[in-house]
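Participant: Structure in structure tokens, see below.
The values are calculated or read from the model by the stated rules, or taken from the named source; none is laboratory data. Treat the numbers as computed from the prediction; the structure is a model and nothing was measured. Here Cβ is always computed from backbone atoms with ideal geometry, including for glycine, and neighbour counts include all displayed protein chains. SASA here: full protein model, heavy atoms, side chains in, ligands and nucleic acids out. Shrake-Rupley method; radii C 1.70, N 1.55, O 1.52, S 1.80 Å.
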Amino acid sequence: KKTGMPIETVLDLLRDGEGRIRLSLPVRGDAANPDVDVSDAVAQAVAGALKSTVLTTLKLAFPVAMLIEMAMDDGDKAHLALAPVTFAPGLDTLSPEYEKTLASVAELMKGRPGLRLTLCGKADPGDWPAVAARRRAAARPILSRLEQLVGYERPAEDWGTPDRNALSALAQRRTEAVRNHRVDKGGIETGRLFGCRPMVEENGKGPRVELLL
């Protein structure tokens, strides 16, 4: 409660590979004295363990941008979140940079067997021009190829109203790309990975997959 973090996530972060939590209690004075506040000592120990062990581990794994933050899921429940995996507009493929980041996530999860990860794919209207261009290229390949050869770029308004179903499907494919990477290359069991409902945000933080602990 003092750390402002969800209690179950804190416990999962503190448990080692054998399911044990090891804490050093900073108790001073006469141990036989009933006035010794052991509960406060435990609180200090938990805070110290989070700072010295868990957050240090996370900083080593995620040295750039946002390290760890609070995020809300679809049910407005608070979670700790790792830095999100971002995508180029309209794409659902992972960059080499994020493959390295996800390898660090896998190591974190292997060392903390109680941790589970919820993957929340997001898309927004900024994805639509690239999605619409691919759709048009499939429908009119010769004309699209000619436009590319002469360097013609259609203005954004030419693509029409964004297709929310197509954007939602893109958000879902982003979730699946991260999940498949964790399972195939990270060796993480599928039972420890969950997916949110794909979301299309009007004014979001850009194309991404959020990683909720």
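Participant: With respect to Arg173, is the statement that it is modelled with pLDDT of 90 or more, under 25 Å from the mean Cα position of the chain (by Cα) and under 30 Å from Gly191 (Cα atoms) true? Steps first, answer last, please.
Facilitator: On the way: modelled with pLDDT of 90 or more: yes; under 25 Å from the mean Cα position of the chain (by Cα): yes; under 30 Å from Gly191 (Cα atoms): yes.
Spelling it out, Arg173 is indeed modelled with pLDDT of 90 or more, under 25 Å from the mean Cα position of the chain (by Cα) and under 30 Å from Gly191 (Cα atoms).
Participant: Just one of Glu107, Glu97 is in a helix (DSSP H, G or I), without any contact (Cβ under 8 Å) to a residue 40 or more places away in the chain and among the charged types (D, E, K, R); which is it? Working first, answer last.
Facilitator: Numbers: Glu107 fails: without any contact (Cβ under 8 Å) to a residue 40 or more places away in the chain.
After applying the criteria, what remains is Glu97.
Participant: Take region 171-197 and flag every residue that is among the basic types (Lys, Arg), farther than 20 Å from Leu91 by Cα and outside any helix (DSSP H, G or I).
Facilitator: Pass one, region 171-197, residues among the basic types (Lys, Arg): 173-174, 179, 182, 185, 192, 197.
From what is left, the residues that are farther than 20 Å from Leu91 by Cα are 185, 192.
Hit for region 171-197 is Lys185, nothing else.
Participant: Against the condition modelled with pLDDT of 80 or more, open to solvent by 80 Å² or more (accessible area, probe 1.4 Å), of a type outside the set (Gly, Ala, Ser) and not in a loop (DSSP other than H, G, I, E, B), how does Lys51 come out, does it pass? Break it down into steps so the answer makes sense when it comes.
Facilitator: Values: modelled with pLDDT of 80 or more: no; open to solvent by 80 Å² or more (accessible area, probe 1.4 Å): yes; of a type outside the set (Gly, Ala, Ser): yes; not in a loop (DSSP other than H, G, I, E, B): yes.
It is false that Lys51 is modelled with pLDDT of 80 or more, open to solvent by 80 Å² or more (accessible area, probe 1.4 Å), of a type outside the set (Gly, Ala, Ser) and not in a loop (DSSP other than H, G, I, E, B).
Participant: Could I ask something else about it? Could you run through region 181-212 and say how many residues are touching a residue at least 60 places away in the same chain (Cβ under 8 Å), of a type in the set (A, V, I, L, M) and open to solvent by 20 Å² or more (accessible area, probe 1.4 Å)? Give the derivation first.
Facilitator: First, the residues of region 181-212 that are touching a residue at least 60 places away in the same chain (Cβ under 8 Å): 181-182, 185-188, 192-212.
Next, from what is left, pick out any that are of a type in the set (A, V, I, L, M): 188, 193, 199-200, 209, 211-212.
Next, only the ones that are open to solvent by 20 Å² or more (accessible area, probe 1.4 Å) stay: 199-200.
Looking only at that region, the number is 2.
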